[in-house]
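**Q** Let me begin by handing over the structure; questions about it come next.
The numbers here are math on the coordinates, done by the rules we state, and not lab data. Predicted model, so just to flag it, every value in this text is computed and none were measured. Positions of Cβ are generated from backbone atoms using ideal geometry, with glycine treated the same way; all protein chains shown enter the neighbour counts.
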Amino acid sequence: LSLATLSNHLPKAVLPSDFETLMGVYSKRVEFARDWRNRVLAHNDYALAINQSHPIAIATREKVRSALDALYDCMAFLSFELDDAHIVKEIIHYADDTSLAQTIFLGNEAFATAQADGPLNSLAFPDWIMRTPPE
C-alpha cells in the first residue's frame with residue numbers, strides 16, 4: 001500500500017486540495033528513491049549499461065530526510081483529517097534492541113524512571129525481552 005494508492009481509495013470530498021499539494025511535494029521528493037527502486041527491481045538497466053541513460057541520482061541523507069519529512073506531512077494530514085488524531089515525528093535512539101523492548105514493555109516514562117532509579121536488571125522482564133542477540 002502506497003500513500004498515493006491510499007489517497008485514491010478515499011472519497012475526494014474528504015481530501016481537501018491541501019492534501020494534493022502535500023502529495024505533490026512528497027512525490028517530487030521521493031523521485032530519487034523511486035529511480036533506485038525501479039533499477040534494483042529490474043536488476044539491470046539496459047540503457048544505463050550501454051551508456052544511453054542518466055546515472056542514478058545520488059541519495060544523500062538530506063534527500064532521504066526531506067522525503068521522510070514530506071511523508072510525515074502527508075500522514076499527519078490524513079491522521080488529523082480522517083481520525084482527528086495527531087501523530088508525532090520523533091526519532092528515538094536506543095543503545096540496543098533490548099533497551100527498545102524494555103521501553104515498549106514498560107512505557108517510555110516508566111522506562112526513564114526505572115533507568116534513573118538504578119540498574120534495570122533488578123526489574124522482572126519476560127525472557128523474550130532479556131534475550132541476548134547472537135554475535
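**Q** Label points 7 Å out from Cα along the Cβ direction at residue 62 and residue 80: separation in nm?
**A** 2.7 nm
**Q** Here's a follow-up. Grab the other residues whose beta carbon is less than 14 angstrom from that of residue 89, score K and R as +1, D and E as -1, and report the net.
**A** -2
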